[in-house]
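The values are calculated or read from the model by the stated rules, or taken from the named source; none is laboratory data. This structure is a prediction, so every number in the text was calculated from the model and none was measured. Ideal geometry is used to build each Cβ from the backbone, glycine not excepted, and the neighbour counts take in all protein chains shown. Keep in mind that these areas ignore ligands, DNA and RNA; they rest on the heavy atoms of the full protein, side chains included. Shrake-Rupley method; radii C 1.70, N 1.55, O 1.52, S 1.80 Å.
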Amino acid sequence: MSANIRDFGHNNSVLIENEKNSDLVYLTIHGDNNRIIIKNSVLRWDGKLNIQLNAENSELYIDEGLYVGSFGLVVCLGNRVYKAASNSCISIGRNLSVGGLQIISYNSNTRVKIGNDVMVAWGVMIYNTDAHPIYDIETEEIINSPHEISIANNCWLGADSKILKNVKLLEGTIVGMGAIVTKSFHQSNVAIAGNPARIVRENVKWKAYDAKYIENEL
């Protein structure tokens, strides 16, 4: 296997199904009992996949058909400065198309799930953590715990958009350029934009290419 794998832990399982262009995979593991599966994805790459796994008893799953553009895909589960994350999962569905994306999740018992046929522009971040705790002064309760980010099938994340902790987006959601998504949206086929993001158009759909759009006839 030609992938660049550095495993500093124990009992970690790594499966990269197709070795073509797997030299573009950079994987570093600190922690034990993790499972990493990258399906038949590397056939369509021209960018790099950089995975930093600082975790134990956790899983990273990337389904087939991944396309990574020149700005790359960075996946970071756990943080070596803190205690390793445990019992967490990042799952990426079929045919994810990425211009440039960072997926960051530091905490234990969290999930990041991306569905099938999702398109991501460049400068996009999916950030399922605040990295540091925030407390209620009276109760000392932590009030910013992360749990799950879920991005359903056929979503489009525009350039420089940010998806923050615990956000759920339903099928067909379009996220505008530079949007900061701080809450879940419970409607499918909507366009959201702004900071914080809000619905700007309902009952919409998109596709990656249409000759009529490119020709842009007057």
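Could you provide, to the nearest whole Å², the per residue accessible area of the chain with probe 1.4 Å?
Value returned for the chain: 53 Å² of accessible area per residue.
If contacts are Cα pairs under 8 angstrom and at least 6 residues apart, what is the relative contact order of the chain in percent?
Here the relative contact order equals 11 percent.
I need the peptides 170-176, 208-214 ranked by packing, meaning the mean over residues of other C-beta atoms within 10 angstrom, with the highest value on top. Write out the running numbers ahead of the final one.
Values: 170-176: 21.3, 208-214: 7.4.
Going from most to least packed, we get 170-176, 208-214.
Considering only DSSP beta bridges whose two residues both sit in the chain, what percent are antiparallel, to the nearest 5? The partial results should precede the final answer.
Working: 6 of 71 bridges.
Approximately 10 percent, going by the DSSP bridge assignments.
Placing +1 on the Cβ of each Lys and Arg and -1 on the Cβ of each Asp and Glu in the chain, which of Gln187, Trp206, Ser86 has its Cα farthest towards the positive end of the resulting dipole?
Among Gln187, Trp206, Ser86, the one farthest towards the positive end of the dipole of the chain is Trp206.
Counting each DSSP H run of 4 or more residues in the chain as -39500 (n - 2.57), what helix-only mean residue ellipticity at 222 nm follows after dividing by all residues, to the nearest 500 deg cm²/dmol?
Values: 1 runs with 5 residues, N = 218.
Rounded to the nearest 500, it is -500 deg cm²/dmol.
So how strong a dipole does the chain carry about its Cα centre when Lys and Arg Cβ are +1 and Asp and Glu Cβ are -1, to the nearest 20 debye?
Values: 20 positive and 23 negative charges, 53 e Å.
That gives a dipole near 260 debye.
When only alpha-carbon atoms count, how far does the chain stretch along each of its three principal axes, as whole angstroms with the largest first?
Dimensions of the chain along the principal axes of its Cα atoms: 61, 56, 22 Å.
Counting Lys and Arg as +1 and Asp and Glu as -1, what is the net charge of the other residues whose Cβ lies under 14 Å from the Cβ of Lys168?
Surrounding charge for Lys168 is +2.
Step through the residues of region 192-201 one at a time and calculate ³J(HN,Hα) from phi using the Karplus curve (6.51 cos²θ - 1.76 cosθ + 1.60, θ = phi - 60°), rounding each to whole Hz and writing x for Gly and Pro.
10, 7, x, 9, x, 5, 9, 6, 10, 7
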